[in-house]
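Let me begin by presenting the structure, written as structure tokens, before commenting on it.
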Amino acid sequence: MRALIERSLPAEAPYRVAHVFSDQPDAGGLQTAREFGVPARVQRADGYPDRAAYDAGLAAAIDECAPSLIVLAGFMRILSAAFVNHFYGRVVNIHPSLLPKFPGLHTHRRVLEALEPQHGATVHFVTEELDGGPGIIQARLAVTPGDDEHSLARRVLQLEHRIYPLAVQWFCEGRLRCREGQAWLDGQVLRRPVEFNGEA
């Protein structure tokens with residue numbers, strides 16, 4: 001989230017972070033957002049009778065801000081189909097693996113256990129399928145013999161900080177869209193995520 005906000009600060013930036021929401025009152029991102037002058041709000045789940053009611057309340061709060069795009073960053077709740085469909089084509093997420101490999105949790109550990117030669121991160125549109133929406137951009141790195149979960153997580157996070165703002169930029173420039181279950185960039189269907197080459 002910090003990387004996304006920092007990229008939005010220059011006057012010529014293609015997007016602005018309008019609001020930050022968290023379901024955790026002690027989330028560090030709330031204070032970070034406020035330090036940058038971005039409004040931040042806690043939307044706790046314990047005040048709602050069930051997941052559906054919480055997601056409806058969260059959707060209503062987001063609607064008040066009228067965002068062009070919803071960017072998930074460390075938001076660990078699985079969003080309901082009703083929420084995803086309400087904002088269809090306007091929610092993106094970043095996942096620490098080369099999707100479709102290793103959806104879900106503990107990706108760094110699973111990559112090491114599987115003896116994968118490469119690891120990375122994927123930005124994708126959010127659909128009802130967990131980590132299964134259309135891929136937008138991927139960045140990859142080589143897994144080295146000295147890697148453990150922590151070193152992999154650290155190196156992958158550096159890639160995430162580069163590709164996530166880039167995907168948001170594409171969307172806000174009108175270059176990126178999700179239609180008919182597919183990601184489109186510059187008027188072309190992305191048959192596979194764009195491979196990040198180090199240029200932003």
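What the table below lists for this structure:
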item	result
Filtered residues of the range 145-175 (kept if surrounded by 13 or more Cβ atoms within 10 Å (Cβ to Cβ) and over 19 Å from Ala73 (Cα atoms))	Asp147, Glu149, Ser151, Arg175
For Asp55: the one exception among (1) touching a helix residue (DSSP H, G or I) at 6+ places or on another chain (Cβ under 6 Å); (2) assigned to a helix (DSSP H, G or I); (3) within 21 Å of Trp170 (Cβ to Cβ)	(3)
His108 vs. criteria assigned to a strand (DSSP E or B) and either over 19 Å from Phe196 (Cα atoms) or of a type outside the set (A, V, I, L, M) (or both)	no
Residue list for the range 71-83, restricted to those being surrounded by fewer than 20 Cβ atoms within 10 Å (Cβ to Cβ) and outside any loop (DSSP other than H, G, I, E, B)	Ala81, Ala82
Residues that are at pLDDT 95 or above and farther than 20 Å from Phe171 by Cα, drawn from the range 60-78	Ala60, Ala61, Glu64
Whichever residue in the range 128-141 is outside any strand (DSSP E or B) and within 12 Å of the chain's Cα centre (by Cα) and, among such residues, is nearest to Ile94 (Cα to Cα)	Asp131
Failed item in (1) within 24 Å of Val20 (Cα to Cα); (2) of a type outside the set (Phe, Trp, Tyr); (3) surrounded by fewer than 20 Cβ atoms within 10 Å (Cβ to Cβ); (4) in contact (Cβ under 8 Å) with a residue 12 or more places away in the chain, with Val126 passing the rest	(3)
Selection within the range 185-200 - touching a Lys or Arg at 6+ places or on another chain (Cβ under 7 Å), surrounded by fewer than 17 Cβ atoms within 10 Å (Cβ to Cβ) and at pLDDT 95 or above	Asp186
Residues of the range 159-193 classified as on the phi > 0 side of the Ramachandran plot and of a type outside the set (Gly, Ala, Ser), total	2
Search result, residues across the range 163-179 that are in contact with a strand residue (DSSP E or B) (Cβ under 9 Å, 6 or more places away or on another chain) and part of a loop (DSSP other than H, G, I, E, B)	Arg175
Flag for Arg192 being in contact with a strand residue (DSSP E or B) (Cβ under 7 Å, 6 or more places away or on another chain), among the basic types (Lys, Arg), in a strand (DSSP E or B) and in contact (Cβ under 8 Å) with a residue 40 or more places away in the chain	no
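The values are calculated or read from the model by the stated rules, or taken from the named source; none is laboratory data. All figures in this text were calculated on a predicted structure; none of them were measured in a lab. So basically every Cβ, Gly included, is an ideal-geometry build from the backbone, and we count neighbours across all protein chains shown.
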